[in-house]
Structure formats: structure tokens, C-alpha cells
Amino acid sequence: MRIRYRPVSLWPAAHAADARRPRSQQTKLGASDTVCARRAGYLLHGRTPTDTGEKRKAILGTWLHTGILDAAREEYGWLVERRVEDETVRGHIDAVQLDSTTAARLPKRLRPTLPAEETTVEDVKSKSTYQWDSVVRYGASEAELRQVYLYADLLGTEGFASVRGQRQLARLGPVPVARIRFRFMNRDNGDDHIQEIAYEADRARRARWWVQQVRAAASPEELPRTFQGPGISVICDHCPFRTACWGPLVAGRSPQSQLIHDDEERAKALAEYAEVSEQIKPLKDRQKLLRAKLDGSEPGVYGDNVLKWSGGNPTKVDDVGAMVSLYRRAGLAVPMAPDAAAMKATLEGAGIPVPTRLDHDRRTAVSINVTARKKP
């Protein structure tokens, strides 16, 4: 007798491999750990993560990230995943494109196929379609900018770390950075979006100051929560220190409710809520008017925005006429006044699919979708 084995899921192996990655075991504060001040504090103080969570999307993003950088290294000779560090922070730069003057100081095997006009530090970020419009409209977040400015500052002040595999690069000494580039990749459909900015020393100093504040804290709890908490911020939802930061989830209560301690704070929050509601109302009214003006417009590109519509489809309803026909074919008594619910229950009890039809007079709500136009 041949035993048939069911194919196993590869996700347990993927999660185990991800847990062994150096970035996952890092105890010294890394540039990629600077998303949230309190999370950075937990890492710096060696706290054990309290939440594991689902990592499939993050792992897919890592695989996409690795594949893109491998292709850039093989095809263009980019310096990818290069380590930089000093006594307080370290990290791995996704890609460095050296200018021709700096590249000429390296052995030919390390020179890029096409040098950059000015030395550029690039960071690759994978995003979902849900996040994509925000990326195209507003670019990198404050946390993402802070991370890459730390990389650029480390490269400009310390140079490449003198570790195995990059000794030749370390001999260059400090490498001033002139540009920062973000390469956003949509992991759902493959779209990409590039954001380039000139390097600003002031922003690098602010990033350094941020790290200094984290290091100066006596405990993680002294540090502010950068984001608004579980249920509001997806970063908090998937944070490995969610429970340590916000406590265990309590049924029927939001984690943020613990931020109010007495009636005075409750009154203050309520007053602010009322004030914000007043500020939002005219904007909502204006949005409703604009939505009404656009009603009936053809989907397409208009200026800097793309207009799409969804919904407006016929609704699916029980087909009473078809049910009556089924009853008659089965020899069942048809009620004088057809009772759709009772007839449906009888058919389902007999294992007969309930017939349905599309009601073209009753349609689903029409939703407007406005996204940023993709730049050529």
C-alpha cells in the first residue's frame, strides 16, 4: 500500500530562517531599529519580545528585497548590503552608488558599471497596494528618512565598517554622501516608485539626536510611543513589544483607554474630540459636494490624479420563481403565498442549492477611488 504524503507548508521553515537572520538577533541598536523610540529602547535594554505575530508579508518583502539587490549587484556592480557602524549604532546599507572619483580608488572588481554623478545611498522598501497611494503622494515616512540618514551619516563620518568581505571598502575612509534615494516596490503588482532627495546635514544631526535620546533613557518606559497604538497603527499591531508597551488586550476595551487616568484627563480628551469634530465637519461637507460633482464622470487620469469607481453592481437575491419550479418538479406543495425564507430552508435541508438572480433595480453602493497619477 502506497502512503500518500501531504505536502508540508514552507512557512514554518521561512519563519525559522527569518529568526536566524543577523538582523533579527541584533542587540546593539541598528539604524533599522529606529522606527519607534520605545521599541528601540526595548531592544537597547535587551528586553525579550512579548509578541511574535504573523510575519508572512514581512518575509515576502525580505525575499523581494534580496532579489532586487542581488540583481543590482550582478548587473550594475552596485555595492549592496554593506555594513556601517560606530560605537552607538550600526546598520546595513541596501545599496551605495559611488561617484566616479571615489570608485576609481577601488579595485576594478568593486567598481560600478556606471558610476553615479554623486555618491548616493539607496534604500529599498516593499509596500502593499493599500499603502501605495500614500507612498506616491508623500514619499518616505519620518522613520524611514531617519533610518537612511543614519546610514548616510555613518558612511560619511566612519566609512564602511572594517569587517570580512569589505576590507577594501573600509580603506576608502569616510565617504561623503550627496544624495539619498528611496526605491519603493509594490509587492502586489511590481510597480516601483523612486524618491530622490539631496543629503542634508541638519537632518542627519536630528537623526543622531534621536538616537542619543533613546540611549540616554534609564528604561524603555521613559521613552515616548512614536505611534498611536494597536488597532490604529499597523506598526503597533505587528510590533514584537506590543504587549510590553500597551499591556494585554482586554475584551471590549481599546488599549488606548489606559492613557486616561481620571475625570480631568477625560474631560480634556472629550473637549479635544469635540473640537476636532468641528474642524472635520466642513471638510466632510466639502468632500460630499465634490463627490457629487464627480458623479457620472468617466474613470481616467485627470491632472495629477486617477479616478476610479467601484460598486454599482446588481444585488444577488433569492429567485422565488425558480424555487417554485424546483418545488413543483420535486412534487412538493407550493405555498399559496410563497414564503421565501421557509422555501429556502426546505431546499437547504434537502441539500439542494438555493437559486438566486441578479436584481438590476437594486444595486450596491458606488464608491469613489482617487489615487495619485503615476509619474512617467
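The values are calculated or read from the model by the stated rules, or taken from the named source; none is laboratory data. Not measured: the values here are computed from a predicted model. Methodologically, a virtual Cβ is constructed for each residue, glycine included, from the backbone with ideal geometry; neighbour enumeration extends over all protein chains shown.
Would you pick out the residues in the stretch 32-82 that are of a type in the set (D, E, K, R), in contact (Cβ under 8 Å) with a residue 40 or more places away in the chain and in contact with a His (Cβ under 7 Å, 6 or more places away or on another chain)? Across the stretch 32-82, the qualifying residues are K55, R82. Residue-level check: of (1) surrounded by 13 or more Cβ atoms within 10 Å (Cβ to Cβ); (2) among the charged types (D, E, K, R); (3) modelled with pLDDT of 85 or more, K344 misses just (3). Inside the stretch 76-126, residues that are within 23 Å of W210 (Cα to Cα) and of a type in the set (A, V, I, L, M) make up a count of 5. Checked against the criterion of being at pLDDT below 95, outside any loop (DSSP other than H, G, I, E, B) and surrounded by 13 or more Cβ atoms within 10 Å (Cβ to Cβ), the stretch 153-168 has at least one qualifying residue. Restricting V136, V148 to those that are in a helix (DSSP H, G or I), in contact with a His (Cβ under 8 Å, 6 or more places away or on another chain) and assigned by TED's automatic domain parsing to the domain that holds A204 reduces the list to V136. Restricting attention to the stretch 87-124, the residues that are of a type outside the set (A, V, I, L, M), surrounded by fewer than 16 Cβ atoms within 10 Å (Cβ to Cβ) and either more than 29 Å from the chain's Cα centre (by Cα) or within 16 Å of V177 (Cα to Cα) (or both) add up to 9. Within the stretch 236-246, being assigned to a helix (DSSP H, G or I) and of a type outside the set (F, W, Y) holds for C236, D237, R242, T243, A244, C245.
Answer yes or no: is there a residue in the stretch 277-284 that is farther than 23 Å from D133 by Cα and among the polar types (S, T, N, Q).
yes
Per-residue answers, yes or no, for (1) crowded, with 18+ Cβ neighbours inside 10 Å; (2) more than 23 Å from T62 (Cα to Cα); (3) at pLDDT 95 or above:
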site	(1), (2), (3)
P174	no, yes, yes
I180	yes, no, yes
D188	no, no, no
D192	no, no, no
E196	no, no, yes
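In the stretch 140-160, is there at least one residue being within 23 Å of the chain's Cα centre (by Cα) and free of Cβ contacts under 8 Å to residues at least 24 places away in the same chain? The answer is yes; a qualifying residue exists. When each of L307, L332 is tested for being in contact with a helix residue (DSSP H, G or I) (Cβ under 8 Å, 6 or more places away or on another chain) and under 15 Å from V370 (Cβ atoms), the lone residue that passes is L307.
For every residue, the table says whether it meets (1) in the same structural domain as E142 (by TED's automatic domain parsing); (2) under 25 Å from K55 (Cα atoms); (3) among the aliphatic types (A, V, I, L, M); (4) surrounded by 12 or more Cβ atoms within 10 Å (Cβ to Cβ).
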{"site": "C236", "(1), (2), (3), (4)": "yes, yes, no, yes"}
{"site": "A274", "(1), (2), (3), (4)": "no, no, yes, no"}
{"site": "P282", "(1), (2), (3), (4)": "no, no, no, no"}
{"site": "R286", "(1), (2), (3), (4)": "no, no, no, no"}
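Can you find even one residue in the stretch 216-235 that is outside any loop (DSSP other than H, G, I, E, B), within 14 Å of the chain's Cα centre (by Cα) and touching a residue at least 24 places away in the same chain (Cβ under 8 Å)? Yes: the stretch 216-235 contains one or more residues that are outside any loop (DSSP other than H, G, I, E, B), within 14 Å of the chain's Cα centre (by Cα) and touching a residue at least 24 places away in the same chain (Cβ under 8 Å).
Among the residues of the stretch 247-265, none qualifies, meaning not one is of a type in the set (A, V, I, L, M), under 30 Å from K127 (Cα atoms) and in a helix (DSSP H, G or I).
Filter the stretch 288-312 down to the residues that are out of contact with any strand residue (DSSP E or B) (no Cβ under 7 Å at 6 or more places or on another chain) and either part of a helix (DSSP H, G or I) or assigned by TED's automatic domain parsing to the domain that holds R137 (or both) and list them by number. Write out each step before concluding.
Going residue by residue through the stretch 288-312, those that are out of contact with any strand residue (DSSP E or B) (no Cβ under 7 Å at 6 or more places or on another chain) are 288-290, 292-293, 295-296, 298, 301-303.
The answer is K288, L289, L290, A292, K293.
Would it be correct to say that D304 is of a type outside the set (A, V, I, L, M, F, W, C), in contact (Cβ under 8 Å) with a residue 40 or more places away in the chain and closer than 30 Å to W132 by Cβ? Can you show your working first?
Details: of a type outside the set (A, V, I, L, M, F, W, C): yes; in contact (Cβ under 8 Å) with a residue 40 or more places away in the chain: yes; closer than 30 Å to W132 by Cβ: yes.
Yes.
Kindly check whether there is at least one residue in the stretch 97-105 that is among the hydrophobic types (A, V, I, L, M, F, W, C) and assigned to a helix (DSSP H, G or I). Yes: the stretch 97-105 contains one or more residues that are among the hydrophobic types (A, V, I, L, M, F, W, C) and assigned to a helix (DSSP H, G or I).
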